[in-house]
Amino acid sequence: MANLAAVVGIGQTRYTTKRQDVSIAGLVREAAVNALQDADLGWDDIDAVILGKAPDMFEGVIMPEVYLTDALGCNGKPMIRVHTAGSVGGSTAIVAASHVQSGTFKRVLTVSFEKQSESNAMWALSNPQPFSTHLNAGAGGYFAPIIREYMRRSNAPKDVGIKVAVKDRLHGARNPLAHLQKPDITMQEVEESFMLWDPIRFLEACPSSDGACAMVIANEELADQAVKQPAWIRGVAMRSEPTTFAGRDEVNPQAGRDCAADVYKQAGITNPRKDLDCAEVYVPFSWYEPMWLENLGFAPVGEGWKLTMEGATSLDEGGDIPWNCSGGVLSSNAIGASGMIRFAEAARQVRGDAGDHQVEGAKLALGHAYGGGAQFFAMWVVGSEKP
Amino acid sequence: MSEEQEVVTVVNAPVYLQYNFTAGAAPARFLAQLKKGKLTGQRRAEPEAPVYSPPRGSCPASGRPTEQEVELSDKATVQSFTIVYIPIPGNVIEPPFVVANLVADGANISFIHLMSDCDNSEVHIGQRVQAVWKPEEEWDYSMDNIKYFKPIDEPDVPVEKIGKLSVTGQEG
């Protein structure tokens, strides 16, 4: 049986196209300092640092964790790097949590980041492979055919993706840290935005952001002494599957279903829509909301889009299971940090510390991240009450 | 310096790295056949085992070796697709263009390739297509031997049969 662990400090930068005023080191330090301040702790209170980011090829800095030790107050302490493509922010939080749950460390700092203004993700994800036809058109080019297959299978109305794009931006307008601030966005504006990778329109895709996210995770004894309400970690799970194998269900991946079943079992969840108060789920392209509603068991297969269209996932429409109240990946996408932002925002909700995007009385929340070819999954459930 | 001039904050400094790529045994056999204008795949040496193309030498689901070589047709079915409206970095192709996930007859896994010589608005899941090859003298160890796939006059494949056709296609 694992020891208890809880989030006792959360720090983020604001998310924006270009943070010209800071280097990568300055960016991660800003998030880390914010997390330490939130926990009322100093550098000496941290036993180890767990750092995550997306592929090194993005910024062209190889093994950035080595040079970031100084900025993160980690000289002479253990530094661990995590790397699971787009899901990395989530996996990093889980690796950090497990080092506390196992008793290895009492209190750790975990940080993830991306500085897209100093990188070229589209280029890094479109590199030619030897002897292959060079047609890799970034992440959108990869996911568009999978979305098209979901649309065919579910026979969902054409405007489901448009509705998600509007809903998450309205959520983002409540969050001062969110990159896109579009309080007046309309369905028509999204529909008229230009097509990137049919069926994905410009406003149905995430932005490119600079930013970092950090958390302090502590064991039970230290969390009991925390200055603010801790977010108790009630379950953690990771699963992965190969990018391709015959008969793979790319729309509703087995690894995602297994990961959700595992984390729900640990947290005692039998009906995620009823038992959870809200969720922060990795939705970089709008149609992934209905797809993950089904994959994560919030709706039967083929009916995820109905929750979206009924407003069940919308804070503004008073939905019973708001998704991505922070604005989600569709409002801010500092790639390596995006998964951790989901985990941290779930924790903010159960700490009652989510500002204008707070779900009233939230006690139990899901944080979710996915990456690669929708093949790496990381999830946690956090609660306001000690299990 | 004029006041309207924008401050330079980013300078692109490309770095080039030349390397030799060793394909490995299974892809090397695949590429050798491709140079002769043939598409091939591999499967585990047991009945009903899925056919992978291009082969990597092992089955990604079981990890076991794919020892049997299988010849595929250059006819294929559209499993899904996207129409790309933005340029691919380092590729001269002009948008919009159709990138399709295709399953060759006789294979059980899709690969991506270009669809052309078609009306983009009429491309659909289950559509039948065939390879348009470059002239034989230009053939190399590359999937680029196939310029693109174009629609052919055959009935659509029902969705439940996509990825399950034999090398003889819809004739079974």
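Values in this text are rule-based calculations from the coordinates and carry no lab data. Nothing here was measured: the structure is a model prediction, and the numbers come from that model. As a convention, Cβ positions derive from the backbone with ideal geometry for all residues, glycine included, and neighbour counts pool all protein chains shown.
Among A:Ile94, B:Ile162, the ranking by other beta carbons within 10 Å of each residue's beta carbon, starting with the fewest, stands as B:Ile162, A:Ile94.
Who wins for biggest fluctuation among A:Lys106, A:Lys158, A:Lys306 in a Gaussian network model of chain A, springs between alpha carbons below 10 Å? The residue with the greatest mean-square fluctuation here is A:Lys158.
Run the reach check for A:Lys167 against lysines, Cα to Cα strictly under 19 Å, same-chain hits fewer than 8 apart removed. What comes back? Leaving aside lysines fewer than 8 places away in the same chain, those within reach of A:Lys167 are A:Lys158, A:Lys182, A:Lys306. For region B:1-107, applying the loop criterion from DSSP together with a ceiling of 13 other beta carbons within 10 Å to the chymotrypsin sites (Phe, Trp or Tyr not before Pro) yields B:Tyr16, B:Tyr19, B:Phe21. Under the convention that each Lys and Arg Cβ holds +1 and each Asp and Glu Cβ holds -1, the size of the dipole of region B:25-161 around its Cα centre is about 520 debye. Once the gyration tensor of the Cα atoms in the protein assembly as shown is diagonalised, the equivalent ellipsoid follows with semi-axes of 41, 26, 24 Å, ordered largest first.
Think of the protein assembly as shown as a dipole: +1 on every Lys or Arg Cβ, -1 on every Asp or Glu Cβ, centred on the Cα centre; then among B:Val15, B:Pro27, A:Pro322, B:Pro27 lies furthest on the positive end.
The dipole here belongs to region B:98-163: it is taken about the Cα centre, uses +1 on the Cβ of Lys and Arg and -1 on the Cβ of Asp and Glu, and is about 200 debye.
For helix B:25-35, report the angle its Cα long axis makes with the longest principal axis of the Cα atoms of chain B; keep it between 0 and 90° and round to the nearest 10°. Between the helix axis and the principal axis of chain B, the angle is about 90 degrees. Around A:Ser314, under 13 Å between beta carbons, what's the net of Lys plus Arg minus Asp minus Glu among the other residues? Within the 13 Å Cβ shell, the charges total -2.
Loop-located GluC sites (Glu not before Pro) in region B:107-172 (DSSP state other than H, G, I, E, B) with a sparse environment of at most 13 neighbouring Cβ atoms within 10 Å: B:Glu171.
Dipole check for region A:12-110: with +1 at the C-beta of Lys and Arg, -1 at the C-beta of Asp and Glu, and the Cα centre as origin, the magnitude is about 200 Debye. The distance linking region A:231-259 with region A:302-364 is 20 Å (Cα centroid to Cα centroid, whole angstrom).
Note on A:Asn155/A:Ile80: beta-carbon distance plugged into 1/(1 + (r/R0)^6) with R0 of 41 Å gives a FRET efficiency of 0.35. Between B:Glu6 and B:Ser121, the simple spin-label model (points 7 angstrom out along Cα→Cβ) gives 3.5 nm. With contacts taken as Cα pairs under 8 Å at a separation of at least 6 residues, chain A carries a relative contact order of 26 percent.
Counting neighbouring beta carbons within 10 Å and listing from fewest to most, the residues A:Ile335, A:Ile10, A:Ile185 come out as A:Ile185, A:Ile10, A:Ile335. Placing unit charges on each Cβ (+1 for Lys and Arg, -1 for Asp and Glu) gives the protein assembly as shown a dipole about its Cα centre, and among A:Val381, A:Gly336, A:Ile24 the Cα reaching farthest toward its positive end belongs to A:Val381.
If R₀ is 30 angstrom, what is the calculated FRET efficiency for the pair B:Lys36 and A:Val66, using the beta carbon separation as r and rounding to 0.05? That pair, B:Lys36 with A:Val66, gives E of 0.05. Using the Cβ-Cβ distance between A:Asp258 and B:Ala28 with R0 set to 30 Å, the FRET efficiency works out to roughly 0.25. The alpha carbon centroids of region B:119-151 and region A:96-150 are separated by 30 Å.
The residues A:Cys278, B:Cys59, A:Cys325, when put in order of fewest to most other Cβ atoms within 10 Å, stand as B:Cys59, A:Cys278, A:Cys325.
The relative contact order of region A:225-270, computed from alpha carbon pairs under 8 Å that lie at least 6 residues apart in sequence, is 49 percent. May I ask you to list the lysines whose Cα is less than 29 Å away from that of A:Lys106, ignoring any residue fewer than eight positions away on the same chain? Result set, ordered by chain and number: A:Lys53, A:Lys77, A:Lys228, A:Lys265, A:Lys363, A:Lys386. Excluding same-chain neighbours fewer than eight residues apart, the lysines reachable from B:Lys134 by a Cα-Cα span under 19 Å are B:Lys35, B:Lys36, B:Lys38, B:Lys75, B:Lys147, B:Lys150. For region B:21-53, no residue has its backbone nitrogen under 11 Å from a point 7 Å from the Cα of A:Phe245, taken along Cα to Cβ.
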